[in-house]
Structure formats: C-alpha cells, structure tokens
Amino acid sequence: MTKKKRKKENVEVKDRVEEKGIEEVSDESLLQKQLEEAKREISKLKEELARLKDAYIRKVADFDNLKKRTRKEKEDAIKYGNASLLLSILDVVDNFERAVAVEPDRSDFHSFYEGVRLIEKHLKDILTSAGVEEINPLNHAFDPFYHEAMMKEIRDDVKDGTITEVFQKGYKFKDRLLRPAKVKVAINPKEKEGDNGNNVSSDENSKQGESEEQA
C-alpha cells in the first residue's frame, strides 16, 4: 500500500471519528435539553397540583361550613318557628292586661264586655292568619273524623245524627285536625222506625218475589 493511499485512509478515519464525536455531542445536548424541558414540565405540574389541592381543601371547608350553617338554620327554624305567632299573641295578652286593670267603678260592664269581645276577635284573626280554622258544627251532621260525641238526646224535630249542641269547638291547622269538636248528637226514633219499616217491606217484597218464581 502506497503512502498516498494510507494517508487518504487515515484522513477518512479521522473524518468519521470527528463526525461520530459531533453526533454524540449533538445527542447529549438534545438529551440535556429534553431533560431540562421535562424538569420544567414537572415543576409546572407540581405547581398545578398544589393549586388544585389548595382549591379542593377550600371547597371541602366551604361545603362543611355550608352544612353546618344549613343545619343550624334548620334547628333555629324548628326552635323559633312560632316566634312571629307568639309575638302577635303577646299583643292580645297586653289587651287583656289593660282590660282587667280597669277599676270596676270607672267602667260599666257593657264597655268591659265590648272590650273583651274585641280582644277575642283580635286573637281569632291572628289564629286565622296562621292557618288555624275553627270547627263549629252546630246543626250539622255528625262526622266522626271531626266530631266527638259526648252525649246523645232523643229528638224528633231534627234529622237523625244532627249535632244539637257544641260543648267545645274543634280546630284544624291547615289540613290537619288539631282537636275534634265535642258535641251532643240527636237520635230521631221516627227516622229509625221508618228505616226499619222500609227494611221489613223490602224483605217481604223479596220473599213474595221468590214465592212467585217458585210457583
């Protein structure tokens, strides 16, 4: 092999080594760059995770506070729900106190009576506005759902089952019965006899029909 040829080969080998070294340096720089980018991305993700974790903790705390506040408001509503009604009734109490504070010799009975009537109306208006309805079934038919029969009396001038006297009025709160009215109920013997007579006639007609069919 000539010197010229060896020299050429050495140059080619040197060029390949230099190219390989450049490629290795280039690859190392690229890896370093990618590593730095990955570190920056990880740092960003950590910051985002910390932000989301903080927001989550805040939301949990807000929700817990909301539950506590809602529970307290519910408890207060149950505990003090009748406060406005009681405040209105206190006005009636004030009126009663004024009425009984009047000296007898400075007011006649009629004025006192009218004052008490006004107080009664005031109280009933308050109850009505709160949804309380009076049950006064005088001269109405007896209803076991709303009336409680305390006594019975024989009457032939009213229909059987008619309420002839109310001992104590009943009351409803909206659609719920607070207490039934205590009443006296009439029993009409004539109507009962008429009902028995109709039943006997019906039985006789039925028997007569059966006899005709058999014939």
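Can you tell me which residue within the stretch 117-137, out of those that are in contact with a strand residue (DSSP E or B) (Cβ under 7 Å, 6 or more places away or on another chain) and farther than 13 Å from L85 by Cα, is surrounded by the most Cβ atoms within 10 Å (Cβ to Cβ)? Within the stretch 117-137, the match that is surrounded by the most Cβ atoms within 10 Å (Cβ to Cβ) is I135.
Counting only strands (runs of 3 or more DSSP E) that sit completely within the stretch 111-173, those holding 3 or more residues that are under 30 Å from L90 (Cα atoms) correspond to 132-135, 163-168, 170-173. Looking at (1) surrounded by 14 or more Cβ atoms within 10 Å (Cβ to Cβ); (2) at pLDDT below 85, find the lone condition where D195 falls short. Condition (1) is where D195 drops out. Hey, does the stretch 93-101 have a residue that's of a type in the set (S, T, N, Q), at pLDDT below 85 and under 30 Å from G131 (Cβ atoms)? Yes, some residue in the stretch 93-101 is of a type in the set (S, T, N, Q), at pLDDT below 85 and under 30 Å from G131 (Cβ atoms). Among the residues of the stretch 148-155, are any farther than 13 Å from V185 by Cα, out of contact with any Asp or Glu (no Cβ under 7 Å at 6 or more places or on another chain) and either at pLDDT 85 or above or surrounded by 12 or more Cβ atoms within 10 Å (Cβ to Cβ) (or both)? The answer is no; no qualifying residue exists. Among the residues of the stretch 20-34, none qualifies, meaning not one is closer than 30 Å to G131 by Cα, at pLDDT 80 or above, among the charged types (D, E, K, R) and out of contact with any strand residue (DSSP E or B) (no Cβ under 9 Å at 6 or more places or on another chain).
The values are calculated or read from the model by the stated rules, or taken from the named source; none is laboratory data. Just so you know, these numbers come straight off a predicted model, no measurement behind them. Quick reminder, even Gly has a Cβ in these numbers, built from the backbone with ideal geometry, and neighbours come from all protein chains shown.
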